[in-house]
Amino acid sequence: MFNAPAFFSYIFITAITPGPNNILSMSNAARVGLRRALPFNLGIVCGLAVMFSLCTLLSAALFTWLPTLALQCAGAVYMLYLSLKIYKSTSLQADDYNAAPEGMSFINGMTLQFVNIKIIIYIITAMSIYILPYFSDPLILMGFAALLALFCFCANMSWALFGSLFFKLFTRRKKIVNTVMALLLVYCAVSLFF
């Protein structure tokens, strides 16, 4: 029988813990504010919807097509690249607030999902352990995929809200904040292998 409490505990904890989406959302909102960070976050949710749908339909075949180590390496390299980008980034000043944030567009948020190993593992685990043993109807599976994406988006927006609330503090301490965010992404990249 479907274990709803275990399922919801798993998806909540996995969605709210630090990962590339959450860390980048917080960093981006701290840098440019919540309103200007929204396109990146909408890109994330669109990418999540695509990834959740694909992995729901192809979860059994995914490990056959893409070796786990290859996914881990690609994800780790991309996270390290993002950590370097955050570390080197500067905070926008008030008069630059309407300038486009470099590298944090809708497309960047969307494409991040295709190398985000945390999301891929999250989807495959949720589907293979909690959903596929009990449900097979494609509409129900897509409903679960949408629910998982919604949970991730809510967690992601919570991190972005936190970043925007501390915008002024983060602006004054930009080097410290950028270093901490970069180190968190390095931790995410390294943790893929342990």
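Readers should treat all values here as calculations from the given coordinates under stated rules, not as data from a laboratory. The structure presented is a predicted model; accordingly, all values stated were derived computationally and were not measured. We place every Cβ from the backbone using ideal geometry, glycine too, and count neighbours over all the protein chains shown.
Can you list the HN-Hα couplings for segment 8-17, worked out from phi with the Karplus curve (6.51, -1.76, 1.60; θ = phi - 60°), rounded to whole Hz and with x for Gly and Pro?
Computed from phi, the couplings for segment 8-17 are 5, 5, 4, 5, 5, 4, 5, 6, 8, 6 Hz.
Among 131-137, 2-8, 39-45, how do they line up from the highest to the lowest mean number of other beta-carbon atoms within 10 Å?
Descending mean neighbour count gives 39-45, 131-137, 2-8.
Note down the nm distance, to one decimal, between modelled labels 7 Å out along Cα→Cβ at Ser136 and at Leu161.
Once both label points are built, they end up 4.1 nm from each other.
On a full-extension model of 0.36 nm per residue, what is the gain between Ala146 and Tyr10, subtracting their alpha-carbon distance, rounded to one decimal in nm?
47.4 nm
Can you work out the Karplus-derived ³J(HN,Hα) for every residue in segment 119-135? Use 6.51 cos²θ - 1.76 cosθ + 1.60 with θ = phi - 60°, whole Hz, and x for glycine or proline.
5, 4, 5, 4, 5, 4, 5, 4, 5, 6, 8, 9, 10, 4, x, 10, 10
Using a 7 Å offset from Cα along Cα-Cβ at Ser128, what residues in segment 140-165 end up with backbone N under 18 Å from the label point?
145
Can you run phi through the Karplus equation (6.51, -1.76, 1.60; θ = phi - 60°) for segment 147-156 and list ³J(HN,Hα) in whole Hz, with x for Gly and Pro?
5, 4, 5, 5, 4, 5, 5, 4, 5, 4
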